[in-house]
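I'd like to ask you about the structure that follows.
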Amino acid sequence: MRFFSIKNFFKIFLFVSILGSLCYFIIVRLHYTYDIISFEDYNPKSTLVVSSNEIKRSKYPFIDIHNHQFDMPVKDLSDLVSEMDSLNMAFMVNLSGFRGQYLKMCLDNIKKNAPERLGVFVNLNWENIDSDTFLENNIKILRDAKKDGAIGLKVYKSLGLTDKDSNGNRIAVNDPRIDPIWEECGKLGFPVLIHSADPASFWKPKDKNNERWLELKQKPNRYRNPDLFPSFESIIAEQHNVFEKHPKTTFINAHLGWMGNDLDRLSLHLDKYPNVVTEIGAVLAELGRQPKRARKFFIDHQDKILFGKDAYNQQEYYTYFRVLETEDEYFDYYRKRHAFWKMYGLGLPDSILKKVYYKNALRILPSINKSLFKS
């Protein structure tokens, strides 16, 4: 007699289904009875009655200095430009231009379909740093990119964090073998938008005291085990050393240099390095939770702050506009893992909004058509 008959299979299936349903019912009942709810699920609706001004279009035309369009070589740009128009985005910088044929296809697509509205930064490969032709090849890439229409160099966080040479050694941000490349960018008039390290909390224990706990839970690969990675402080020290060694090159320190949670430190940083500016891509949540200090920061450093968004999502720009332009209180950020806290508007004056939205970027990227902007 066979035990695994169709009849027995359905008996086992029915038993497991009933047992599973019973367990589910008990768990749900226990959660309800004892008010058990996960942090991810807890999303209370505020009863606070305050002014609410959702803004879907910026007050002034703006340049997004920090964006990524990974499909640009084959992208139909008409839809993107239409969305840019609805946001009042006059110009977008795609930092993911890469190099070689990929870069050429990006530039060709822009020249053919949106020559006045989009720009591209070139990217380099650092892991062939041991090659005898490393400098020759990469300087040629930069010069060719400039000739073909690229407008800057973007450096990803892998430099200083995960990039390694042929011997398996980490390549420091301030590796002297790279110095001629930073110098060449200065000669070409290429601003260098550089992302170094990550939020300092990524290096801290993943426990109840870490305000990035939810992000590290949802994105575990973002945790930086101190036994495996160089420290946060050592990486940004390397980056700052590059700024100091190359005063004739303009650097855009991405994501507020990961100092948005310490604007006193960031202020000293910007004061120290005349060749460094910064941008607010993916760190708006740091500013929106400290509106008084952040407003002062924008006033004090109004000539050194650029608008950036990072990952492209049309609806997420609305929160940027609301934080920068309004004095609204206690409203949601768009991604809980970045900010489980609420936002507050900075209510920046028009003169500063214009600088952050476009004037500062025009100074650094003079090839952008100025007629796209009203003074």
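Using a ≥ b ≥ c from the Cα gyration tensor of segment 282-336 (square roots of the eigenvalues), is it rounded, prolate or oblate, where a/c under 1.5 gives rounded and otherwise the larger of a/b and b/c decides, a/b for prolate?
oblate
I'd like to know how segment 299-375 sits against the 2.2 N^0.38 Å rule of thumb: what's its Cα Rg over that expected value?
Ratio of Cα Rg to 2.2 N^0.38 Å: 1.22.
Right, another one. Please give the FRET efficiency for Lys140 paired with Ser46, using the beta carbon to beta carbon distance and R0 = 56 Å, rounded to the nearest 0.05.
According to the calculation, E is roughly 0.50.
Please compute the modelled spin-label separation between Ile26 and Lys59, points set 7 Å along Cα→Cβ, answer in nm with one decimal.
If labels sit at Lys59 and Ile26, their model points lie 6.0 nm apart.
Moving on. Beyond 29 Å, what share of the Cα-Cα pairs of segment 230-375 is found? Please give it as a whole percent.
Result: 16 percent of Cα pairs exceed 29 Å.
Please report, in cubic angstrom per residue, the volume enclosed by the convex hull of the alpha-carbon atoms of segment 189-278.
Once divided by residue count, the hull of segment 189-278 is 99 Å³.
Also: Test of understanding: what is the full-extension gain from Arg222 to Ile37, defined as 0.36 nm times their sequence separation minus their Cα-Cα distance?
Between Arg222 and Ile37, full extension yields 64.1 nm more.
Using 13 Å as the cut-off for backbone N distance, which residues of segment 91-128 belong to the label zone defined by a point 7 Å from the Cα of Ser166 along Cα→Cβ?
Only 127-128 fall inside the zone, counting backbone N under 13 Å.
If you take the alpha carbon radius of gyration of the chain and divide it by 2.2 N^0.38 Å, what ratio comes out, to two decimals?
This ratio for the chain stands at 1.17.
Determine, from the Cβ-Cβ distance of Glu183 and Ile299 and an R0 of 22 Å, the FRET efficiency 1/(1 + (r/R0)^6), rounded to the nearest 0.05.
Efficiency computed from Cβ-Cβ geometry: 0.05.
Cut-off is 10 Å between beta-carbons; in what order do Phe15, Phe62 appear when sorted fewest neighbours first?
By the 10 Å Cβ count, ascending, the order reads Phe15, Phe62.
Given the -39500 (n - 2.57) contribution per DSSP H run of 4+ residues, what per-residue ellipticity at 222 nm results for the chain, rounded to the nearest 500 deg cm²/dmol?
For the chain, the value works out to -11500 deg cm²/dmol.
Let me ask something else about it. Classify segment 37-187 from the C-alpha gyration tensor, please: rounded if a/c falls under 1.5, else prolate or oblate depending on whether a/b exceeds b/c.
oblate
Ranked from highest to lowest mean number of other Cβ atoms within 10 Å per residue, what is the order of the peptides 93-102, 41-50?
93-102, 41-50
Could you count how many Lys pairs in segment 116-212 have their Cα atoms under 19 Å apart, skipping same-chain pairs fewer than 8 positions apart?
8
Rounded to the nearest Å, what's the spacing between the alpha carbon centres of segment 195-259 and segment 315-362? Just the number, please.
23
Could I ask something else about it? Return Lys146, Lys292 ranked ascending by Cβ neighbour count within 10 Å, so the fewest neighbours appear first.
Lys292, Lys146
Estimate the FRET efficiency between Asn128 and Lys11 by the formula 1/(1 + (r/R0)^6), using the beta-carbon distance for r and 45 Å for R0, to the nearest 0.05.
0.10
Throughout, read-outs are computed from the coordinates displayed, never taken from laboratory work. This structure is a prediction, so every number in the text was calculated from the model and none was measured. Glycine also receives a Cβ, built like all others from the backbone with ideal geometry; neighbour counts cover every protein chain displayed.
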